[in-house]
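Chemist: Can you keep this structure in mind? I'll have questions shortly.
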Amino acid sequence: IATGSMSNLPYECGISRPRFFYKSVQTELEVIDLEGAEIYVGEKIAPGSFGYAVATSKKLAKVGVITHLKAKSCFENLINSKFLKERLKSSLELVKYRRIPMGMPKSSQNGRIIALGDAAAQLKTTTGGGVYTGLVCSDILVKNIKEAYNGKDFSLKKIGNYDKAWKKAIGLELQAGLLVRSFFEKVEDKYLNKLFGLMTVPAISEIISQKGDFDRHRDLIIALMKIPEVRKLVLEIIKRNLPQKRFFTSIVNYVDSLI
């Protein structure tokens with residue numbers, strides 16, 4: 001089953017649901033002076049997440065937001081924000097609404113029914129992109145099927161390796177992304193400004209350029225958390241949003257285990 005994120009067919013066939021869904025709203029517009037991509041963050045734009053404008057041609061760009069709640073109002077805030085309002089030349093036409101599964105499901109297969117891609121929540125938990133992760137998991141599935149075919153053994157014991165294999169391949173990456181998402185869920189704009197200010201420090205921006213990977217973000221997250229200034233600010237934000245001491249302590253221990 002590779003039905004994407006909008007179908008309930010996988011769940012009706014016994015595939016486990018993801019931990020939760022994010023929501024996205026996107027359209028195509030003409031944006032003045034847009035080169036490549038722009039990312040927008042902030043409590044009014046996309047609390048806990050981000051908005052974006054990505055050039056798809058010389059004239060057009062995909063403009064949208066990914067949020068946990070109130071996606072439509074966040075999208076309207078972005079379109080009318082100081083970032084874009086005066087730069088939009090074309091009017092809104094087709095607006096697409098989509099849900100984005102986040103978090104590994106308990107099981108991506110039920111017997112010989114196997115889910116792949118968004119249907120199995122196999123997407124980057126930082127950005128919501130699923131092309132790279134879907135291809136990684138499809139390679140694992142093909143290998144699994146070939147091994148079963150060559151051995152003439154399509155028993156559930158043999159085919160069942162797929163679920164464990166793909167989680168081993170990208171599971172830590174997805175968990176790191178969820179950690180980042182849970183961290184940013186309630187971050188105030190003043191703290192975002194402090195974080196982005198740190199990212200412009202030459203020594204830190206150099207680490208970002210060295211460790212940054214479009215498809216895998218865990219190594220960059222770990223590298224940044226090893227920097228004392230970044231770690232101090234991150235723990236300050238976590239403590240502010242988790243007043244219960246036991247929760248704060250458990251988060252700190254998890255961060256320590258990562259680095």
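Here, each number is a calculation from the coordinates, and none is a lab measurement. Everything numeric in this text was worked out from a predicted model, so none of it was measured. Neighbour counts are summed over all protein chains in view; Cβ atoms, including those assigned to glycine, are modelled from backbone coordinates with ideal geometry.
Chemist: Helix-only mean residue ellipticity at 222 nm, the chain, DSSP H runs n ≥ 4 weighted -39,500 (n - 2.57), per residue, nearest 500. What is it?
Modeler: Calculated from helices alone, the mean residue ellipticity at 222 nm is -14000 deg cm²/dmol.
Chemist: Mind checking the full-extension length gain between R231 and Y132? Use 0.36 nm per residue of separation minus the Cα-Cα distance, one decimal, nm.
Modeler: 32.7 nm
Chemist: Could you grab the relative contact order for the chain? Cα pairs under 8 Å, six or more apart, rounded to a whole percent.
Modeler: Values: 391 pairs, mean separation 47.9, N = 259.
This gives 18 percent for the chain.
Chemist: If you take the square roots of the eigenvalues of the alpha-carbon gyration tensor of the stretch 100-234 and sort them as a ≥ b ≥ c, do you get rounded (a/c under 1.5), prolate (a/b over b/c) or oblate? Mind showing how you got there, number by number?
Modeler: Working: a/c = 3.48, a/b = 2.49, b/c = 1.40.
In terms of gyration-tensor shape, prolate.
Chemist: Once both labels are modelled 7 Å past Cα along the beta-carbon direction, what's the S182-F154 spacing in nm?
Modeler: If labels sit at S182 and F154, their model points lie 4.0 nm apart.
Chemist: My understanding is that a pair violates if its Cα-Cα distance is over 24 Å; which of K146/K168; K72/K168; K58/K194; K59/K186; K58/K96; K72/K186 do that in this structure? Please report the intermediate quantities before stating the final value.
Modeler: Details: K146/K168 19 Å; K72/K168 36 Å; K58/K194 34 Å; K59/K186 35 Å; K58/K96 22 Å; K72/K186 19 Å.
Over 24 Å apart, Cα to Cα: K72/K168; K58/K194; K59/K186.
Chemist: Given axes a ≥ b ≥ c from the Cα gyration tensor, I'd like to know whether the stretch 13-154 is rounded (a/c under 1.5), prolate (a/b larger than b/c) or oblate. Each step should come with its number before you reach the end.
Modeler: Numbers: a/c = 3.37, a/b = 2.19, b/c = 1.54.
Prolate, because a/c is 1.5 or more and a/b exceeds b/c.
Chemist: Would you mind calculating the gained length between E35 and R19 on full extension (0.36 nm times residue separation, minus the Cα-Cα distance), in nm to one decimal?
Modeler: Working: separation 16, 0.36 × 16 = 5.76 nm, distance 3.53 nm.
Full extension from E35 to R19 adds 2.2 nm.
Chemist: A further question follows. Taking 0.36 nm per intervening residue step and subtracting the Cα-Cα distance, what contour gain separates E147 from E206 on full extension? Could you put the intermediate results ahead of the total?
Modeler: Working: separation 59, 0.36 × 59 = 21.24 nm, distance 4.35 nm.
My answer for the length gained is 16.9 nm.
Chemist: Identify which of T127, T200, T27 has the largest mean-square fluctuation in a Gaussian network model of the chain, with springs joining Cα atoms closer than 10 Å.
Modeler: Largest GNM mean-square fluctuation: T200.
Chemist: For A2 paired with V54, estimate the spin-label separation in nm (one decimal), with each label point 7 Å from Cα along the Cα-to-Cβ line.
Modeler: Placing both labels 7 Å beyond Cα along the Cβ direction yields 1.9 nm.
Chemist: [x] 1, 6, 13, 17, 19, 17, 12, 8, 4, 2, 1, 0; [y] 1, 6, 11, 14, 16, 16, 14, 11, 7, 4, 2, 1, 0; [z] 1, 5, 11, 14, 14, 12, 11, 10, 9, 6, 4, 2, 1, 0: which one is P(r) over Cα pairs in 5 Å bins from 0, in percent as calculated from this entry?
Modeler: Given [x] 1, 6, 13, 17, 19, 17, 12, 8, 4, 2, 1, 0; [y] 1, 6, 11, 14, 16, 16, 14, 11, 7, 4, 2, 1, 0; [z] 1, 5, 11, 14, 14, 12, 11, 10, 9, 6, 4, 2, 1, 0, the structure-derived one carries the label [y].
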